[in-house]
Amino acid sequence: MAEWTASKKRGALRVQLEPRLDVPPAWFPVAVSLGAVFVALILGGIVIAFSGGNPFATYAYIARASFGDIGVLSDTIVKATPIILTALACSIAFRMKLWNIGAEGQFIMGAWGASAVVLAPLLPPETTRWLFIPAMALAGFGMGGVWGLIPGYLKAKFNVNEIISSLMLNYIAVSWVNYWVFGVWSEGGFQMSPKFPTNASLPRLSDYAETIPFFRGLTTHAGLIFGILAAIALWFIVYRSRWGYEIRLIGDNPRAAKYAGINIVRNTILVMALSGALAGLGGVSEVAGVVRRLQTAPLNAGYGFTGIIVAWLAKLHPLAIILVSILFGALILAGREIQPSGIPKMIQGIILVCLIASDFLLRYRLRFTRGEVE
Amino acid sequence: MCTCFLVYLATSPLEHAVTANTTTDLQQPPLAVEMRGIVKRFPGVLANDHVNFELRAGEIHALLGENGAGKSTLMNILAGLYKQDAGTIKVKGKTLEFSSPRDAIKAGIGMVHQHFMLVPSQTVTENILLGLDEPRFLMRLQEYDKKIADLGDKYGLKVDPRTKIWQLSVGEQQRVELLKMLYRGADVLVMDEPTAVLAPQEIEGLFETLHSMVAQGKSVIFISHKLNEVASIADRVSVLRRGKVTASGVPAKGVSRQELASMMVGREVALAVDKKPKTPGEIILDVKDVHAENDKGLPCLRGLSLHVRAGEIVGIAGVAGNGQVELSQVIAGLRPCKKGQALLNGKKVSNRDTRYGIEHGMSYVPEDRTHVGSSPNLSVTDNVIMKNYRKPPISKGSMLDMSAATKFAQELKEAYDIIVPTVNTPVRLLSGGNLQRVILAREISGHPNFMVAVQPTRGLDVGAIEGVHRLLLTQREADAAVLLISEELEELIALSDRIYVIYEGRMMGEIKVEGAEPDKTLMDAIGLMMTGTPLEQIHMEGAPTHG
Ligand SMILES: Nc1ncnc2c1ncn2[C@@H]1O[C@H](COP(=O)(O)OP(=O)(O)OP(=O)(O)O)[C@@H](O)[C@H]1O
Ligand SMILES: [Mg+2]
């Protein structure tokens, strides 16, 4: 426990920390997190000012660049969509204290699975969208699931550390996709596959611009629906289903779970598979909604790792993940617009540090006392 | 403050009274601790309501009270762990404000908690030095080993400074905690239910240590639920009830157990149980030649056979660590059975999915309520549905009906007097006794036809113990079979129809209990068997036996 003394004199204001013994009300963590973001923006502003910039102008610019009009807001959401899914993936594994850091690889394998439907081809190019998209989603979900299941199985049966195995599988996934992109599915020797037919792409808002002119130029695609549905489904699983109860119990006290007759081995495998599958779905959404062809670089942009951070910041809560992902989407987007481009990265970093530090306030209570000091 | 403390250490209590405390009556030993008007409020409970508490130097002061009465809270305040909402603390006549345990230990107050805070992979010495400023570098640890060994000798706390914590028994770990406090110069020692986790011989050892500590000028506050212990060790007794003081510093010699019990509970408590004669039914649990290994891979059950019939309570007596806990785990399917088997209603339960037993009417009150029996960060509701979340009305298909679960938890809270603000509170915030009630409520509410209860009354107050005993007898009335594993001989004799005594995982014999009165020959015989003498070799007059 720490204690700061403003002044050693009698009657000085003292700030004391004491462990928080009660459960704070539900709004409290939200308020603290918002406060932390606010503090981070102030700190970031100070740094910007010192480096000769105008913090207000910079922030105004970032805000405009990511939320300013419907067009950039739409871009922000496009950036947030894959993060929502990878963060959901991490959150369900972390809830059971399974440290799946392979969302990156599972994401890429998901994209590969969806691509295989188009490029192998498993379905002819003239297939309708109503068949194509579900088939691709299923394939990506399944491939990501397999990529999560492998470390899950190794962990459950042979107690292999899932951190290492899931991390290693990231590299395998990238090499695997490279093999297909450079070789089998390469378009005339370029490091990318041919473009998917329109039926095999997720519809964008702009696709409907003819009937609704307002949608002109908006890139938000149907992957967002995957993200939102997945978040809602995960909320129900975690807080309202028998399976979710088992996951929460194992995560909090595996010995008690065993005592309650819960099969930990089976759940380890299932949860890792679900986690991989959600990340894989993220890959589907990105490849079919944004890239629209199989290509390593844009898929290998670190969405899986960002998902880890977002899951933590959202305290593993599925619905909070949507909001935090949008914040991160905005920072990524602004990163492309602002010079020097390090600024949004720095703000991202400061926000992260502040949010982690603010966790402290959830566990400790500050007490202000005006009392005698020895 | 510091100087005063040094003076105090350097002088015996009597001299101290003369030199430093001229205002007090010379006949009275000085007060080591004086707490006045302490108030501590938790959401929904007033844990301490203007509590006054006085500890004289050189005394052993017992603090009694029901579960949730506020004993641990009061002592946590004294040890600087919690901050009181109102009230003052004086240590050796000086008013002090503690904002951390560090401040309290600086003032000479050290607390040994019920859950030890030691690092398992480190040695005794390393644990004791942890958090201290010296030594600056971890060199010359041998010197410190020696210092600690000497300190141990001084107070009769035998433990090898070089062993790693994980190799120590619970009793030895407790000694390390005590040494830690003594090493930091504590002269007021607070012990929160120290005997709850100890075997009988270890309890005697602890008492000797406490006596030698007070003989050397230290003072001790001792929380316990065991009234016979209080009578034998304490000089004075204070009692808390629902956060208020109901007895303050009464001499322990002058009060009877019955009086203490009613001061704690606020009504007459039946210390004896009322067990009606009953003819047992058919065999429910049948354990046949069971062999098993403990966590370290050593044999701990070596061919144990026993059975329990419907409508009877069968006790297992034995000194802690002779295989009782492992036996319960084999029955519950939580520990592999190397040879032999356990049958429930004729069907195998050993080496079988734990869930099988749960779904076939077995309930199990485990010994370790915080690590096995409950999930600390989950709510009371989540904890009480651990066994029945697979069945309606809690389960609705693959979903959980949360309103049914909340209603169920609410009902148990009422029926079993669980003191907690709401059923959404995480159980880590419950007092020890209340957590035990949550577990018992869950295990009994499933209407088991067989129940294993390991130390079900550990840490409970007399009123609650009476309640648990009644509940166990109700199970017997309802024709359930009950296997009761306990280290309290009196409890076993009072409740059981038959008692098996085990020693090093082997059966020493079986005794039929007729009257509820603990009879001397019976107690002696069980005592002998518990230390390894088989029944055949004991010559008993008059005591009813059964081969
Ligand atoms: N950290 C906490 N947050 C909320 N309530 C608490 C907390 N600690 C204790 N309480 C409540 O305060 C009351 C007193 O608890 P305390 O632990 O002091 O009881 P106790 O006398 O030590 O009981 P026991 O014999 O069961 O250990 C209980 O109702 C308990 O639920
Ligand atoms: Mg207590």
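The values are calculated or read from the model by the stated rules, or taken from the named source; none is laboratory data. All figures in this text were calculated on a predicted structure; none of them were measured in a lab. No Cβ is skipped: glycine too gets one built from the backbone with ideal geometry, and neighbour counts run over all protein chains shown.
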For the condition within 22 Å of residue B:359 (Cβ to Cβ), assigned to a loop (DSSP other than H, G, I, E, B) and over 23 Å from the mean Cα position of the chain (by Cα), what is the one hit in B:421, B:448? B:448
For the stretch B:437-446, state whether one or more residues are more than 16 Å from ligand 2 (Cβ to nearest atom), more than 9 Å from every other protein chain (Cβ to nearest Cβ), within 28 Å of residue B:316 (Cα to Cα) and surrounded by fewer than 18 Cβ atoms within 10 Å (Cβ to Cβ). yes
How many of the residues in the stretch B:242-256 are surrounded by 15 or more Cβ atoms within 10 Å (Cβ to Cβ) and either within 16 Å of ligand 2 (Cβ to nearest atom) or in a strand (DSSP E or B) (or both)? 8
Can you say whether residue B:199 is over 19 Å from residue B:367 (Cα atoms) and touching a residue at least 12 places away in the same chain (Cβ under 8 Å), as far as the supplied structure shows? no
Which listed residue, of B:433, B:357, is within 16 Å of ligand 2 (Cβ to nearest atom) and touching a Leu at 6+ places or on another chain (Cβ under 7 Å): B:433
Could we say that residue B:526 is at pLDDT 80 or above and assigned to a helix (DSSP H, G or I) here? yes
For the stretch B:100-115, which residues satisfy the criterion of being within 16 Å of ligand 1 (Cβ to nearest atom), assigned to a loop (DSSP other than H, G, I, E, B) and either within 14 Å of chain A (Cβ to nearest Cβ) or in contact with a helix residue (DSSP H, G or I) (Cβ under 8 Å, 6 or more places away or on another chain) (or both)? B:113, B:114
Evaluate the stretch B:396-411: report whether one residue or more is in contact with an Asp or Glu (Cβ under 7 Å, 6 or more places away or on another chain) and either crowded, with 21+ Cβ neighbours inside 10 Å or β-branched (Val, Ile, Thr) (or both). no
I'm trying to understand the selection: among the residues of the stretch B:26-80, which are in contact with a Lys or Arg (Cβ under 6 Å, 6 or more places away or on another chain) and within 7 Å of ligand 1 (Cβ to nearest atom)? B:47, B:65, B:69, B:73
Conditions (1) over 28 Å from residue A:125 (Cβ atoms); (2) without any contact (Cβ under 8 Å) to a residue 40 or more places away in the chain; (3) aliphatic (A, V, I, L, M); (4) touching a Gly at 6+ places or on another chain (Cβ under 8 Å): number failed by residue A:262: (4)
Number of the exception - residue B:69 against (1) without any contact (Cβ under 8 Å) to a residue 60 or more places away in the chain; (2) within 14 Å of ligand 2 (Cβ to nearest atom); (3) of a type outside the set (Asp, Glu): (1)
Okay, helices (runs of 4 or more DSSP H) sitting entirely in the stretch A:233-308 with 2 or more residues that are farther than 19 Å from residue A:100 by Cβ, at the interface with chain B (Cβ under 9 Å from one of its Cβ atoms) and out of contact with any Cys (no Cβ under 8 Å at 6 or more places or on another chain), I get A:242-252, A:254-259
Select from the stretch B:354-369 the residues that are crowded, with 17+ Cβ neighbours inside 10 Å and either more than 8 Å from every other protein chain (Cβ to nearest Cβ) or in a strand (DSSP E or B) (or both) and list them in ascending order. B:361, B:362, B:363, B:364, B:365, B:367, B:369
State whether the residues of the stretch A:138-160 include one that is without any contact (Cβ under 8 Å) to a residue 24 or more places away in the chain, surrounded by fewer than 24 Cβ atoms within 10 Å (Cβ to Cβ) and of a type outside the set (A, V, I, L, M). yes
Matching entry among B:427, B:454, B:423 (being modelled with pLDDT of 90 or more, within 14 Å of another protein chain (Cβ to nearest Cβ) and within 11 Å of ligand 1 (Cβ to nearest atom)): B:427
Can you find, within the stretch B:316-329, the residue that is surrounded by the most Cβ atoms within 10 Å (Cβ to Cβ) among those that are modelled with pLDDT of 95 or more and either in a strand (DSSP E or B) or more than 14 Å from every other protein chain (Cβ to nearest Cβ) (or both)? B:327
Residue list for the stretch B:370-413, filter: more than 10 Å from chain A (Cβ to nearest Cβ), in contact with a helix residue (DSSP H, G or I) (Cβ under 6 Å, 6 or more places away or on another chain) and assigned to a helix (DSSP H, G or I): B:380, B:381, B:384, B:406, B:409, B:412
